[in-house]
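Worksheet: the structure to be examined is printed underneath.
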Amino acid sequence: MPITAATSARNAARYPTERPNRLPLIARDGLVAELDQAAAGKVTVITAPAGSGKSSLLRAWADRQDRQHRLAIVQVPRDQPDGQLFWLSLLTTVRRLSGEPIAADPPAAAPEFSAATAVERILEKLAEIPERVSLLIDDVHELTAPETFADLTRLLADLPDHVSVILATRRNLPLRLHRLRLTGQLTDLRAADLRFSEDETRALLAASGITLSDAGVARLLERTEGWAAGLRLAVLSLTGHPDPERFVAEFGGSNRTVAEYLLAEMLERQPQDIQDLLLRTSILTRISGELADALTGRVGSEPILLDLEDANAFVVSLDAERTWFRYHHLFADLLQLELRRVHPDEGRGLHRRAADWFAEAGMTVEAIRHTQAAGDWSAAANLFSHHAFGMMLDGQLETMQSLLEAFPTGPAADLPALSVVRAMVDVWHGRLDEAAAHLAAAKAGPDPAPPSARAEAQISALELVLARRRGDVDTVLRLARVLAVSTTSAYACPPASACALAVEAGSDSESESESGSDSVSTPTSTSAAVSADELALGADLRVLVLMNLGIVEAWAGGLADGATYLTHAVELARVIGRPYLEVTCLAQLAFATKLHSFAETRRVCEQAVALAARHGWDTAPVLAPALVTLACLQVFTGEFEHGQDTIDRAEEALLLDAGADIGLLHRTTKGMLHATQGRLAEAEAEFAAAYDLQSQMRYPHALSGYVAGWLAAAKARRGSTDAARAVIDKLDATLFDSGEIRNARAVIALREGDVAGALDVVTPVTNGSASAVHATTLVEANALEALAYHRSGIPASAARAQEAVERALAAAEPERLILPLVMVGAGEVLETVPRQRSAHASLLTDILDIIHGSAPAATASDQPAVPELSPTELRILRYLPTNMSRPQIAGELSVSVNTISTHVRSIYAKLQATDRASAVQRARELRLLAAGPSR
């Protein structure tokens, strides 16, 4: 049976569709559908604060025209101490639904009333109705008597199968309906379910003729937290406003219409002691019971906060244990406004009490913020300065920046304690000149008392990081010796290996320190009673010493010591529980291993990325070296698309790091990518930028030869051979004769058609008499030699070109160095090599596929574990893609045919292959055909 006319009239009275001076309601079809699905069960409870749209939702659901069952709505009057009127009203409604004649006058209370009897009669009448029945009971929170909820529980638990009930309430109800919940017959809709989405917010604004930018909509939604009444009150004020964007930017709980609503519906409904708690704790961004006790001077705040959350009084728990809470943004604004009105002189005192509590609890950031809010700038600066070093090493750089911005500026706000803090933030973000200025100010501060050993050690550590980022190797080594002595004499020394390395790096530190050549004093305290802070500082300093020694070793020349230092730094950072330092060291260790093992580099990069992700540092500057190194590796190995994705991600991390050191590798990698795509102008621009960054550093970088050589080569390939020579002519003699620069000189010669000159300049590289940083140089040199022979046009040179190609492929295969062959444009000579005669046919095929635009082979990390093939098996495996017979392969390797056959059978078994073709296919999938020898 459809809804009766009388019922529809009551619906209209309870939930009118047209209200004077009210905003239009928007369709919330998704929410109505969710309620429709929930109402298919026996009981649905909608629990949300005032103004969340509960009544609007019930009206929208009740007005659906396709409902084919009886519907009745009951509103609980305010303040029902015994619930008698509620039960009489509900009984009358159900009797009317059953068709029983009912007097027009509302039922009257009676002394002999029995709620239990009323429940029995309601259940009887519901059972008599043949159609499906829905009861909507609104404002259930107005019921206050515990026995009323016991009776309501019985009613809901014993409902006939064809009856469903929807309850709407502002607070959690003490109903015992666990059996219904277990059987899926109970559904809860909470405040989060009723929040407006961004699309619904836009629809509400559009329906009211209001236009806001995307940022304005996001700001409005963030401030209201999707609270329906807050949005509607904001829209009412926005209607006709001359500057909607400005209104939204300033909108908060102190807005008159919002404040009036919250005062009436939230604050003034609370007892005076609870109002006082709310006002005094409104200065906090998060509240606990103990902290509220400290601010109110009373005990018992936690149960009050729990009750307020249960009552949906705009108090939200922040943890599963419900020990920390916050207030709704708009409610917090109102409370702070009321605090200033009711207790105008207590704000600073409350902030001081909060600061003391947070400091005692070890919550430094909150303690600093509340000290700032109290206006105690000097105390806030000293507190900040004392804890800043640890905050820096924990990666709280953005928090530190935010705290710094909260301090006043100008001459009147001279706070010397902040100089070191500002230096910390600047040096970590690559603002090196600013960091140096702040350190100089800290060392020349006006304080007549000499700085403590702790302060001196921290300044030395910052100078160490600054020197490393500037490429000042001598200063890094000097300061490392100073700090190595200070951390082993003044502080205890865990991990002996790390300490030994640090001290070994500064073997003559004591004599140098005594000579007065160091501008930084060494802490001299050797008291046995060393504090926990000092012990922690000593370990932190040792990690910094090892890390910076490792970085300068690796970046200056790729020495093995660099990886050793960084490996120990990673271990020590893990031991002392500094994950941010651990990520920093891992990111730098990735580069330190790149010149020795790509496989190890990839592993370290992935380890750094995974650790950073666990701590939310996916785009932090500290991860940039790992991301750029991984991108560089991917470009070297022909994974150009992956390399582009990784470098894009790295650029997010580099937005906050302006340092020349990481910038050099970043620009070089981008130049490599552009060169592989034939975008020579862009490649030249990136190499030029890297070249300029190198000039800002105080020592030649490990990549200096590549940067200068590839810049010159890019200019030559674009036809500017004179400009290319100008780059090379500026280099010193050592770098001029290096393999990297000789390759660039060969590119210039080839561009000018001087084949003999190209061969002459590149021969010392191919025969090993010229220095080379990495196998990349040898691959590039052999490829250039092959191109020179190929372009000479002399018939006898074809064989020499193919021999040079084989040498290039042999040098490239262990690390899969595809980049140099693509960069030099070796495709024209690679095409001439008979693949059936090449010992590196698989790699040759992959390179030509990449040059021709085919997808590169899958990376090793995408494949299952590589089977353990012996070195001999790997050598034989690489002949299988060719057309060579087993006797021919035996001849090439100078072994018997039987030996070849034995190894081939073993290869088939390990690769789970049945023939030569399937073995080659499986080996290609596993990248065994382009891997180095097994170890």
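The values are calculated or read from the model by the stated rules, or taken from the named source; none is laboratory data. These numbers were taken from a predicted model, which means no experiment stands behind them. Cβ coordinates were reconstructed from backbone atoms using ideal geometry, including for glycine residues, and neighbour counts include every protein chain displayed.
All of (1) of a type in the set (Lys, Arg); (2) modelled with pLDDT of 75 or more; (3) not assigned by TED's automatic domain parsing to the domain that holds Arg718 hold for Arg924 with one exception: (2). For the stretch 317-335, the set of residues classified as surrounded by fewer than 18 Cβ atoms within 10 Å (Cβ to Cβ) and either at pLDDT 95 or above or touching a strand residue (DSSP E or B) at 6+ places or on another chain (Cβ under 7 Å) (or both) consists of Ser317, Leu318, Thr323, Trp324, Arg326, listed by residue number.
Yes/no matrix, rows are residues, columns are (1) crowded, with 24+ Cβ neighbours inside 10 Å; (2) under 21 Å from Glu780 (Cα atoms):
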residue	(1), (2)
Ala626	yes, no
Asp645	no, no
Thr669	yes, yes
Thr676	no, yes
Ala683	yes, yes
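Candidates are the residues of the stretch 146-173 that are under 17 Å from Thr117 (Cβ atoms) and modelled with pLDDT under 90; the one that is surrounded by the most Cβ atoms within 10 Å (Cβ to Cβ) is Thr148.
Taken residue by residue, the stretch 815-827 has at least one member that is buried (at least 22 other Cβ atoms within 10 Å of the Cβ), modelled with pLDDT of 85 or more, within 20 Å of Gln802 (Cβ to Cβ) and not aliphatic (A, V, I, L, M).
Selection of the stretch 214-243 for residues being within 34 Å of the chain's Cα centre (by Cα), more than 19 Å from Arg170 (Cα to Cα) and buried (at least 20 other Cβ atoms within 10 Å of the Cβ) yields Gly216, Leu220, Leu221, Arg223, Ala234.
Test Gly562 against the criterion of being modelled with pLDDT under 90, over 30 Å from Gly825 (Cα atoms) and buried (at least 24 other Cβ atoms within 10 Å of the Cβ), and give yes or no.
On the way: modelled with pLDDT under 90: yes; over 30 Å from Gly825 (Cα atoms): yes; buried (at least 24 other Cβ atoms within 10 Å of the Cβ): yes.
The answer is yes for Gly562.
Within the stretch 803-821, can you find the residues that are of a type in the set (D, E, K, R) and touching a His at 6+ places or on another chain (Cβ under 8 Å)? Full working, then the answer.
Let us first name the residues in the stretch 803-821 that are of a type in the set (D, E, K, R), namely 803, 806-807, 813, 815-816.
Matches in the stretch 803-821: Glu806, Glu813.
Take the conditions of a type outside the set (S, T, N, Q), in a helix (DSSP H, G or I) and more than 30 Å from Asp426 (Cβ to Cβ) and apply them to Ala708. Does it pass? Don't jump to the end; show me each part of the working.
Numbers: of a type outside the set (S, T, N, Q): yes; in a helix (DSSP H, G or I): yes; more than 30 Å from Asp426 (Cβ to Cβ): no.
No: the conditions fail for Ala708.
For (1) under 34 Å from the mean Cα position of the chain (by Cα); (2) modelled with pLDDT under 50; (3) over 21 Å from Pro625 (Cβ atoms); (4) among the charged types (D, E, K, R), each residue gets a yes or a no:
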{"position": "Ala435", "(1), (2), (3), (4)": "yes, no, no, no"}
{"position": "Leu464", "(1), (2), (3), (4)": "yes, no, no, no"}
{"position": "Ser486", "(1), (2), (3), (4)": "no, no, yes, no"}
{"position": "Tyr491", "(1), (2), (3), (4)": "no, yes, yes, no"}
{"position": "Ala496", "(1), (2), (3), (4)": "no, yes, yes, no"}
{"position": "Ala500", "(1), (2), (3), (4)": "no, yes, yes, no"}
{"position": "Ser511", "(1), (2), (3), (4)": "no, yes, yes, no"}
{"position": "Ser519", "(1), (2), (3), (4)": "no, yes, yes, no"}
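Search the stretch 354-397 for residues being part of a helix (DSSP H, G or I) and charged (D, E, K, R), and hand back the single one that is surrounded by the fewest Cβ atoms within 10 Å (Cβ to Cβ). Break it down into steps so the answer makes sense when it comes.
To start, the set of residues in the stretch 354-397 that are part of a helix (DSSP H, G or I) comprises 354-360, 364-373, 377-393, 397.
Narrowing further to those that are charged (D, E, K, R): 356, 360, 366, 369.
On the way: Asp356: 14, Glu360: 10, Glu366: 18, Arg369: 22.
Residue satisfying both the conditions and the ranking: Glu360.
Name every residue in the stretch 174-213 that is among the hydrophobic types (A, V, I, L, M, F, W, C), surrounded by fewer than 17 Cβ atoms within 10 Å (Cβ to Cβ) and closer than 28 Å to His328 by Cβ, in order of residue number. Scanning the stretch 174-213 gives Ala192, Ala203, Ala206, Ala207. Restricted to the stretch 733-822, the set of helices (runs of 4 or more DSSP H) holding at least 1 residues that are in contact (Cβ under 8 Å) with a residue 60 or more places away in the chain and in the same structural domain as Gln677 (by TED's automatic domain parsing) comprises 739-751, 775-792. For the stretch 572-600, a residue qualifies if it is of a type in the set (S, T, N, Q) and closer than 18 Å to Arg649 by Cα, and the qualifying residues are Thr584, Gln588.
Test Ser861 against the stated conditions and say whether it is modelled with pLDDT under 80, loosely packed, with under 13 Cβ neighbours inside 10 Å and either closer than 28 Å to Val822 by Cβ or among the basic types (Lys, Arg) (or both).
When the stated conditions are applied, Ser861 passes them.
Which members of the stretch 745-758 meet the condition of being under 21 Å from Val727 (Cα atoms) and buried (at least 17 other Cβ atoms within 10 Å of the Cβ)? Talk me through it step by step, then tell me what you get.
Taking the stretch 745-758 first, the residues under 21 Å from Val727 (Cα atoms) are 745-754, 757-758.
Matches in the stretch 745-758: Arg745, Ala746, Val747, Ile748, Ala749, Leu750, Arg751, Ala758.
Any residue that is in the same structural domain as Ala733 (by TED's automatic domain parsing), on the phi > 0 side of the Ramachandran plot and outside any helix (DSSP H, G or I) - is there at least one of those in the stretch 636-644? Let's see the steps before the verdict.
At the first step, the residues of the stretch 636-644 found to be in the same structural domain as Ala733 (by TED's automatic domain parsing) are none.
No, the stretch 636-644 contains no residue that is in the same structural domain as Ala733 (by TED's automatic domain parsing), on the phi > 0 side of the Ramachandran plot and outside any helix (DSSP H, G or I).
Taken together, the residues in the stretch 207-222 that are modelled with pLDDT under 90 and in a helix (DSSP H, G or I) amount to 1.
Name the residue that is farthest from Leu277 (Cα to Cα), counting only residues in the stretch 306-336 that are touching a residue at least 24 places away in the same chain (Cβ under 8 Å) and among the charged types (D, E, K, R). Before the answer, list the steps.
Here is the first cut: in the stretch 306-336, the ones touching a residue at least 24 places away in the same chain (Cβ under 8 Å) are 308, 310-314, 318, 323-336.
Subset that is among the charged types (D, E, K, R): 310, 326, 333.
On the way: Asp310: 17, Arg326: 13, Asp333: 15 Å.
Per the stated criteria, the residue is Asp310.
The number of residues in the stretch 248-299 that are exposed (fewer than 14 other Cβ atoms within 10 Å of the Cβ), in contact with an Asp or Glu (Cβ under 7 Å, 6 or more places away or on another chain) and not β-branched (Val, Ile, Thr) comes to 0. Taking each residue of the stretch 405-421 that is over 16 Å from Ser452 (Cβ atoms) and looking for partners that are at pLDDT below 85 and hydrophobic (A, V, I, L, M, F, W, C) with beta-carbon atoms closer than 7 Å, six or more apart or interchain, yields Phe407/Ala413. Within the stretch 290-305, residues that are part of a helix (DSSP H, G or I) reach partners that are of a type in the set (Ser, Thr, Tyr) and crowded, with 20+ Cβ neighbours inside 10 Å with beta carbons closer than 7 Å, at six or more positions or on different chains, in the pairs Ala292/Thr281; Ala292/Ser301; Asp293/Ser301; Leu295/Thr281. Residue pairs whose Cβ atoms lie under 6 Å apart, separated by 6 or more positions or on different chains, with the first residue in the stretch 69-91 and not assigned by TED's automatic domain parsing to the domain that holds Val119 and the second part of a loop (DSSP other than H, G, I, E, B), do not occur.
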